[in-house]
């Protein structure tokens with residue numbers, strides 16, 4: 001049953017403070033919940049409607065946690081999605097720790113990405129281009145917020161994110177560090193190393209001075225028209241496409 | 001003075017119904033208002049703070065419309081931006097009409113893009129890559145909504161958008177029509193024509209059957225990892241980058 005205490009608990013997880021305290025986060029909508037159940041994340045609680053249960057009975061049979069049947073009207077308004085008539089899950093956060101990195105593959109470094117939609121879209125891009133994962137500055141927006149999880153379209157289950165001080169992390173590393181700048185070498189003609197770090201800066205301020213010191217190659221996306229810049233997630237995708245094109249040669 | 005009637009009028013323009021009726025829209029924030037004033041859009045009314053006036057006095061001297069001095073506290077909450085302590089403008093919509101198109105250049109065709117952030121970002125991308133403009137299906141979200149204008153970062157002043165029935169528009173045209181599909185020719189190896197139309201489909205449904213009939217070349221962005229798809233604006237940017245790279249060869 002969907003008790004008042006449960007509703008309160010789920011809603012409290014919309015705030016970073018309570019997510020941190022409980023080490024839990026919310027996943028909403030059919031596609032995202034399915035990706036969650038298929039992943040190595042631990043799902044603590046599942047709220048599903050009859051429609052979801054009928055469509056995904058096989059997947060639900062494998063689920064050992066608590067599963068509550070709810071009406072679509074109960075689900076709507078419980079989370080942050082405008083409409084969600086299928087499912088909502090409470091899952092356990094993963095420990096914030098470094099992931100395996102090979103020098104011949106690419107890893108994204110996010111220097112203070114503040115917009116949840118941008119972070120979610122960047123995680124989806126990292127998944128599409130098979131990057132190894134994301135190193136994020138402590139000021140980068142919280143991976144586990146509803147808007148970020150939603151914008152990843154399930155890719156949060158496959159892309160590891162490690163929050164840490166970027167100067168400390170980059171200090172003493174020996175692989176190439178590409179930085180996206182408005183002035184830099186044209187990525188269309190850039191002779192790229194096989195792998196390394198690709199640094200994407202903050203939406204307004206770009207890459208900070210502290211991080212720029214560690215950049216070994218400044219690259220830029222050639223501009224043909226008059227826009228001053230590209231959105232951070234858009235720039236990430238264009239750069240990843242160019243780097244992957246080079247590796248594939 | 002910022003009268004109650006004025007506040008009500010400005011706030012009413014947040015709704016498409018009133019924008020259509022008045023043929024006016026709102027532009028918010030320092031950068032966007034500056035781009036508006038430098039453009040060929042007609043600005044009807046300007047609300048500026050002292051800070052904005054001091055920084056942009058030369059630009060304001062050239063402005064012949066009604067200019068009202070307001071306090072930052074008055075500006076905040078008047079529009080849709082979380083914080084805006086600089087300026088807000090009411091401008092006149094442009095007539096919905098076709099723009100000049102050359103067969104050797106690229107024009108975007110949007111088949112039902114519903115998310116305002118996506119449309120705004122796509123307009124910014126079109127500006128960056130110097131596309132000729134955008135043909136949008138009638139169901140595509142309204143160009144003049146606050147969120148779209150905001151996401152264009154001023155590029156709405158430079159990229160013409162024409163809303164029209166896509167099948168009617170594409171019928172009988174003789175240039176190449178590229179369509180972004182999940183299955184199609186790899187854009188990295190695609191021998192592209194010099195120009196034509198690039199069709200981007202709806203965020204969930206992709207390109208509709210009615211429009212797909214007119215697509216002469218199905219293209220796709222190669223996937224290296226596991227994400228099912230890319231965000232519509234992100235895909236637009238990667239395709240435009242590849243098409244421009246080819247033209248630049």
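The values are calculated or read from the model by the stated rules, or taken from the named source; none is laboratory data. Bear in mind that the values here come from a model prediction, so they are computed numbers and not experimental data. All Cβ positions, glycine included, derive from the backbone under ideal geometry; neighbour counts span all protein chains shown.
Determine, yes or no, whether residue A:199 is under 20 Å from residue B:127 (Cβ atoms) and touching a residue at least 24 places away in the same chain (Cβ under 8 Å).
Criteria not met by residue A:199.
Go through segment B:29-114 and tell me which strands (runs of 3 or more DSSP E), entirely inside it, have 2 or more residues that are surrounded by 17 or more Cβ atoms within 10 Å (Cβ to Cβ).
B:43-48, B:87-92, B:106-111
Quick grid of which residues meet (1) surrounded by fewer than 20 Cβ atoms within 10 Å (Cβ to Cβ); (2) assigned by TED's automatic domain parsing to the domain that holds residue B:123; (3) modelled with pLDDT of 95 or more:
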site	(1), (2), (3)
B:138	yes, yes, yes
B:151	no, yes, yes
B:154	no, yes, yes
B:163	yes, yes, yes
B:172	yes, yes, no
B:179	no, yes, yes
B:201	no, yes, yes
B:211	no, yes, yes
B:215	no, yes, yes
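Here are the criteria: (1) at pLDDT 95 or above; (2) out of contact with any helix residue (DSSP H, G or I) (no Cβ under 8 Å at 6 or more places or on another chain); (3) assigned to a loop (DSSP other than H, G, I, E, B). Tell me which single one residue B:142 does not satisfy.
For residue B:142, the failing item is (2).
So in segment A:118-136, with the set limited to residues that are assigned to a loop (DSSP other than H, G, I, E, B) and crowded, with 21+ Cβ neighbours inside 10 Å, which one is farthest from the other protein chains (Cβ to nearest Cβ)?
A:131
Which of the strands (runs of 3 or more DSSP E) contained wholly in segment B:166-249 include at least 1 residues that are away from every other protein chain (no Cβ under 14 Å) and under 23 Å from the mean Cα position of the chain (by Cα)?
Counting at least 1 such residues, we get B:177-186, B:196-201.
Does residue A:146 fit the bill of being within 14 Å of another protein chain (Cβ to nearest Cβ) and in contact (Cβ under 8 Å) with a residue 60 or more places away in the chain?
no
Does residue A:130 qualify as being on the phi > 0 side of the Ramachandran plot and in contact with a helix residue (DSSP H, G or I) (Cβ under 9 Å, 6 or more places away or on another chain)?
yes
Can you name the condition, by its number, that residue A:121 falls short on among (1) over 30 Å from residue A:5 (Cα atoms); (2) in contact with a strand residue (DSSP E or B) (Cβ under 9 Å, 6 or more places away or on another chain)?
It fails just one condition, (2).
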